[in-house]
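This report refers to the structure that appears directly beneath it.
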Amino acid sequence: MKRTYPQETMGITLYVEHSDSDLRRIYLKRRIAYVEVGEFSKGYAAQEVFGVPAHVHCVQLHSKEAEELCIQYFASGGTELAGLMDKLDAHGIAYGYLNNVGNSYVSYRPAAC
């Protein structure tokens, strides 16, 4: 049975690339208290880079300005969550960060709102 993950379909897709063995998707999900922008990857590349079949990391944003900047960043050709984080830093926009590798570690840095 092929395993699926909610990050494959939740929210709206800001960027996606896929091949026979890999999927990498940037998504935006509006939550009650914040907006989540995440990068989900699964397949051979995730296994090689992270040592797991699937990996997700995301930023949590608390302003409409930050949400607009994210949408604009990916609409204008951005393809990496790390590049978005650089852009947020350059604009002085606070964000939370979550990085999760199943059965290994979770790193979390809350936003300084």
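Taken together, the values in this text are just the output of simple stated rules run on the coordinates, not laboratory data. Remember, it's a predicted structure, so these values are computed and weren't measured experimentally.
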In degrees rounded to 10, the 0-90 angle between helix 64-75 Cα long axis and the longest Cα principal axis of the chain is 50 degrees
So what's the back-of-envelope 222 nm ellipticity for the chain, counting only DSSP H runs of four-plus at -39500 (n - 2.57) apiece and dividing by all residues, rounded to 500? -7500 deg cm²/dmol
When the chain is fully extended, how far beyond the present Cα-Cα distance does ARG30 get from VAL16, taking 0.36 nm per residue of separation? 3.2 nm
Summarise the long-distance tail of P(r) for segment 4-103 by giving the % of C-alpha pairs beyond 16 Å. 54 percent
Given segment 1-88, what count of lysine pairs have C-alpha atoms under 22 Å apart, with each pair 8 or more places apart or on different chains? 5
Could you give the angle, 0 to 90 degrees to the nearest 10, between helix 81-90's Cα long axis and the longest principal axis of the Cα atoms of the chain? 10 degrees
Which of ILE71, ILE93, ILE32 ends up with the largest GNM mean-square fluctuation for the chain, with Cα atoms connected below 10 Å? ILE32
